[in-house]
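Below is one structure; the comments refer to it alone.
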Amino acid sequence: MGQLLLITDDIQRGRRLLRDLGTRRPCHVHDLYDDAMPALDPALIVSDVEALTSEAIVRLRRTLAQLRDEGVPYLFLVHGNAARSEAQAQVLGATATAGVSQMLGALERLQGASIPAIVRMRAAEARQFFQHALFSGQPITPVLADAGTDLVVRAVCDTGIYDWVRAVQKFDDATHQHCLLVAALAAAFSGALGLRPTDRHHLTRAALLHDVGKVHVPIEILNKPGRLTHSETVVMRTHAECGHAMLVGAGFDDSLLAAVRSHHEMIDGTGYPDGLRGREIPDFVRLVTVCDVYGALIERRPYRTSMSGPDAYDILQSMTGQLDDDLIRAFKPVAVAFKPAS
Ligand SMILES: [Fe+2]
Ligand SMILES: [Fe+2]
């Protein structure tokens, strides 16, 4: 269980709060006015600052900047003026606010939402690699793609799909989030299908690269908060052919190239770019498409919350005729994994 850090402007009150909380979680109380920063990697942060002076806010912001990793829940305890506290909490990026008497319930809710530090670290590492090596605009080689794939496969094996997806859902760049989600789903799906490690690697690699052509789509379209217009959709749809063109002749095999070009093809012929139908769409491509559709459904965007795993699976099931029915059924164990371990 990760450490709880309580930042307080009254060390005695802070200690009392933790004692009353009676948690078995390791805790550390940090005095807001102590300039020495503790060497910690907390999994949960609570601030207990009664006198919200401008100096206190500056100190709080500095402490959080140093000790709060991305995705770590932060509970802001409200003393006195609720409206002012709420506004400050928002500016400081608090996950939740609560009065002192509601602290226990608020913490229980936050603890359920916390992501283990190791998972956050592995996800950040994969994102770095994805951003700087795979999606930097430089040519993509099989060696680079293999290294990125190994990062994802190992992370999903070690941390499980549930925590990985929650960590990746925190990423604000839509394409990084999407590709790392789809790759992780492919790794988990391969496991559910009982594929050999080489086939698992192969499928995960295709999923990681499937949207590589989006480097040619303007960022305003990729990250647009809302529905695309017709002309924006036309531009967005070029990514499948662009990605294929980027990878042809770079040493990738035909099945990967087909997945990049054809992952938006539908069995009923309504997909793009080539309007393939039925058996014209290879099984390998169909596998990537199922992961792609499910990944898009569970993505988190600033303007909407992510769909729950079971709800997303209901939509997948409703796409019978467009997606491969056998693969939809086979995907169920992956979708079922989208609930917290009890
Ligand atoms: Fe795509
Ligand atoms: Fe995609």
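Listing for the model above:
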quantity: Qualifying residue in the stretch 239-253 (condition: under 19 Å from the mean Cα position of the chain (by Cα) and either within 16 Å of ligand 2 (Cβ to nearest atom) or of a type in the set (Lys, Arg) (or both)); calculated: no
quantity: Residue among Val217, Val234, Val212 that is without any contact (Cβ under 8 Å) to a residue 60 or more places away in the chain, closer than 19 Å to His178 by Cα and among the aliphatic types (A, V, I, L, M); calculated: Val217
quantity: Filter result (in contact (Cβ under 8 Å) with a residue 40 or more places away in the chain and either more than 14 Å from ligand 2 (Cβ to nearest atom) or in a helix (DSSP H, G or I) (or both)) within the stretch 254-263; calculated: Ser255, Leu256, Ala259, Val260
quantity: Ala89 being free of Cβ contacts under 8 Å to residues at least 24 places away in the same chain, out of contact with any strand residue (DSSP E or B) (no Cβ under 6 Å at 6 or more places or on another chain) and of a type in the set (A, V, I, L, M, F, W, C); calculated: no
quantity: Scope the stretch 125-153; condition of a type in the set (Gly, Ala, Ser), over 16 Å from Ala245 (Cβ atoms) and exposed (fewer than 13 other Cβ atoms within 10 Å of the Cβ); matching residues; calculated: Ser136
quantity: Residue that is assigned to a helix (DSSP H, G or I), basic (Lys, Arg) and touching an Asp or Glu at 6+ places or on another chain (Cβ under 8 Å), where the choices are Arg109, Arg120, Arg166; calculated: Arg120
quantity: Top-ranked residue of the stretch 173-193 - restricted to ones that are polar (S, T, N, Q) and within 15 Å of ligand 1 (Cβ to nearest atom), ranked as farthest from the chain's Cα centre (by Cα); calculated: Thr175
quantity: Test: residue in the stretch 56-66 that is modelled with pLDDT under 90 and in contact with a strand residue (DSSP E or B) (Cβ under 9 Å, 6 or more places away or on another chain); calculated: no
quantity: Matching strands (runs of 3 or more DSSP E) fully within the stretch 1-102 where at least 3 residues are in contact with a Lys or Arg (Cβ under 8 Å, 6 or more places away or on another chain); calculated: 44-48
quantity: The stretch 269-287: number of residues that are surrounded by 13 or more Cβ atoms within 10 Å (Cβ to Cβ), more than 16 Å from ligand 2 (Cβ to nearest atom) and in a loop (DSSP other than H, G, I, E, B); calculated: 5
quantity: Residue within the stretch 200-222 that is away from ligand 1 (no atom under 13 Å from the Cβ) and small (Gly, Ala, Ser) present; calculated: no
quantity: Set Met266, Met246: member being in a helix (DSSP H, G or I), among the aliphatic types (A, V, I, L, M) and more than 14 Å from Ala207 (Cβ to Cβ); calculated: Met246
quantity: Helices (runs of 4 or more DSSP H) within the stretch 290-342 that include 3 or more residues modelled with pLDDT of 90 or more; calculated: 309-318, 325-330
quantity: Selection within the stretch 195-214 - away from ligand 2 (no atom under 16 Å from the Cβ) and over 23 Å from Val119 (Cβ atoms); calculated: Leu195, Arg196, Thr198, Asp199, His202
quantity: Filter pass, Ala145 being within 23 Å of Ile328 (Cα to Cα), modelled with pLDDT of 90 or more and either within 15 Å of ligand 2 (Cβ to nearest atom) or out of contact with any His (no Cβ under 7 Å at 6 or more places or on another chain) (or both); calculated: no
quantity: Pick from the stretch 171-194, criterion farther than 16 Å from Val152 by Cα and in a loop (DSSP other than H, G, I, E, B), ranking: nearest to ligand 2 (Cβ to nearest atom); calculated: Asp173
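The values are calculated or read from the model by the stated rules, or taken from the named source; none is laboratory data. Remember, predicted model here, so these are calculated numbers, not experimental data. Note that we place each Cβ from the backbone using ideal geometry, even for glycine, and neighbour counts take in every protein chain shown.
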